[in-house]
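Take a look at the structure below.
The values are calculated or read from the model by the stated rules, or taken from the named source; none is laboratory data. Note that the structure is a prediction, hence the values are computed from the model and not measured. When we count neighbours, we look across all protein chains shown, and the Cβ atoms used for this are built from the backbone with ideal geometry, even at glycine. Calculation scope for accessible area: heavy atoms of the full protein, side chains included, ligands and nucleic acids excluded. Shrake-Rupley method; radii C 1.70, N 1.55, O 1.52, S 1.80 Å.
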Amino acid sequence: MTLDIGFLGYRFMGRAHANALARLPMFFPDAPATNRDVLIGRNEEAVSDAADRFGFDRTAGDWRDVVDEVDVFYNLGPNHVHAEPTIAALESDVHVMCEKPLAPDIETATEMRDAARESDAVAATGFNYRYVPAIQLAKRLVDEGELGEIYRVKGRCLQDWLADPNLPWNWRCDADVSGTGVVGDVGSHTIDLVRWIIGDIESLSGSLVTQITERPDPDGDGTRPVTTDDEYSALVEFENGVEGVLEGSRIATGRKADNAIEIYGSEGALKFSLRRLNELQVKGSDDRGYQQILVTDDDDPYMDRWWPAGHIIGWEHTFVHENYEFLTAIRDGEQYRPSFEDGVDVQRVVEGIRESDERGERVYV
């Protein structure tokens, strides 16, 4: 099987997924073969340059012209362009990988999920942090009961790339385009991880804050209003009774994509931070404190595909693992997780945080 691939978008996520597809034959030779067929973008010169660098055969200026000509469609564009191309692909039974968040709002996300239910195609939501080997090991430890009864989870994703109020306005500052700010952008990653490891969230109390309310217009014409949140926090209760604290920011001075999770149980605890991607801090029942585990052994998740023990991998490898699982599910006719169902469930929590902030009270999701 050789799958013809089409990408909508060629910037940050375009580079990440193109790199992953190029690496697959070297390190995951059992993955389906792929052909990077068409790269889609509106700027003809920019998309042509990207196609040459990413190894695509051709380019297109409009997804409508090519979406039914590929086997797999990657929607890597801004949030407001997720729905229409994705639904069109699914209606043609074209498999879809759509980056998170699934949509700007729950209504649109639900429409996309319903299209996936009616399609014969595999529909995946791009939560790549599930595929960090240390995170996979953390889930295994929880599932196997190594931490005992789980009491509490803490999740955060802190960034500072917009901490400077003089940085120009961009599309992530516009609620009409992005739907939400940091709570949907990086908060969705945290929400997906805690749902995947701990279980469904039942209720929450959330807060959204916009500290920097206007930014310089990128065209140099005065300023433009910021209509999305740049910080969020939430106290959550899971259906199984576990309590949780979630937070995110893109104005957390000094923090660089600090995506972290902590889990506390009756028999042990664990901690992970993206700052030390190859490590998991674990406290067992007989330990006085945390032990540092270097997650690079052959029996650790995915690590038999890479380098000898002790030779670390990086963030970009999560996309290799993600694409391996996604494309293998297509070949084998199996379900893939995180699916559009997961994308909608995460969106529902995002909406719950926004609703709780507006109402000033706890809400059930």
(request) Report the residue count in the range 229-253 for those that are touching a Gly at 6+ places or on another chain (Cβ under 8 Å) and within 17 Å of D164 (Cβ to Cβ). (result) 3
(request) Mind listing whichever residues of the range 239-257 are surrounded by fewer than 19 Cβ atoms within 10 Å (Cβ to Cβ) and part of a strand (DSSP E or B)? (result) E243, V245
(request) Search the range 104-132 for residues being of a type in the set (V, I, T) and assigned to a helix (DSSP H, G or I), and hand back the single one that is farthest from D342 (Cα to Cα). (result) T108
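Here is a check on your reading of the model: is R156 basic (K, R) and within 18 Å of the chain's Cα centre (by Cα)?
Values: basic (K, R): yes; within 18 Å of the chain's Cα centre (by Cα): yes.
In short, yes.
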(message) Quick check on L167: is it outside any loop (DSSP other than H, G, I, E, B) and surrounded by fewer than 23 Cβ atoms within 10 Å (Cβ to Cβ)?
(response) no
(message) Given the options R64, R36, R58, name the one that is within 20 Å of E316 (Cα to Cα), open to solvent by 10 Å² or more (accessible area, probe 1.4 Å) and modelled with pLDDT of 95 or more.
(response) R36
(message) Between a residue in the range 163-178 that is more than 20 Å from H80 (Cα to Cα) and touching a residue at least 40 places away in the same chain (Cβ under 8 Å) and any residue that is crowded, with 16+ Cβ neighbours inside 10 Å and among the β-branched types (V, I, T), which pairs come within a Cβ distance under 7 Å, given they are 6 or more apart or on different chains?
(response) A163/I251; P165/I212
(message) Looking at the range 198-228 only, could you name the residues that are in contact with a helix residue (DSSP H, G or I) (Cβ under 6 Å, 6 or more places away or on another chain) and surrounded by 20 or more Cβ atoms within 10 Å (Cβ to Cβ)?
(response) I201, L204, G206, L208, V226, T228
(request) Would you check which residues across the range 307-330 are outside any helix (DSSP H, G or I) and either among the charged types (D, E, K, R) or buried (at least 18 other Cβ atoms within 10 Å of the Cβ) (or both) and list them? (result) I313, E316
(message) Filter the range 1-33 down to the residues that are open to solvent by 30 Å² or more (accessible area, probe 1.4 Å), farther than 22 Å from A89 by Cα and not in a helix (DSSP H, G or I) and list them by number.
(response) P29, D30
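Give the residues of the range 352-361 that are in contact with a Gly (Cβ under 9 Å, 6 or more places away or on another chain) and open to solvent by 30 Å² or more (accessible area, probe 1.4 Å), sorted by residue number. Reasoning before the result, please.
Going residue by residue through the range 352-361, those that are in contact with a Gly (Cβ under 9 Å, 6 or more places away or on another chain) are 352-357.
Those that are in contact with a Gly (Cβ under 9 Å, 6 or more places away or on another chain) and open to solvent by 30 Å² or more (accessible area, probe 1.4 Å): R354, E355, D357.
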(message) Among the residues in the range 180-195, are any among the acidic types (D, E) and surrounded by fewer than 18 Cβ atoms within 10 Å (Cβ to Cβ)?
(response) no
(request) Collect the residues in the range 120-153 that are open to solvent by less than 10 Å² (accessible area, probe 1.4 Å) and of a type in the set (F, W, Y), keeping them in residue-number order. (result) F127
(message) Considering only the range 331-349, I want to know if a residue exists there that is surrounded by 14 or more Cβ atoms within 10 Å (Cβ to Cβ), of a type in the set (A, V, I, L, M) and in contact with a strand residue (DSSP E or B) (Cβ under 6 Å, 6 or more places away or on another chain).
(response) yes
(message) I need the full set of residues from the range 67-98 which are surrounded by fewer than 24 Cβ atoms within 10 Å (Cβ to Cβ) and in a strand (DSSP E or B), in order please.
(response) none
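Considering only residues that are of a type in the set (A, V, I, L, M) and farther than 19 Å from V350 by Cα, which ones fall in the range 103-130? So that I can check it myself, show each step before the final result.
Initially, the range 103-130 is screened for residues of a type in the set (A, V, I, L, M), giving 103, 106, 109, 112, 115-116, 121-124.
Those that are of a type in the set (A, V, I, L, M) and farther than 19 Å from V350 by Cα: A115, A116, A121, V122, A123.
Among what's in the range 106-143 and is of a type in the set (G, A, S) and under 20 Å from A329 (Cβ atoms), pick the residue that is farthest from the chain's Cα centre (by Cα).
S119
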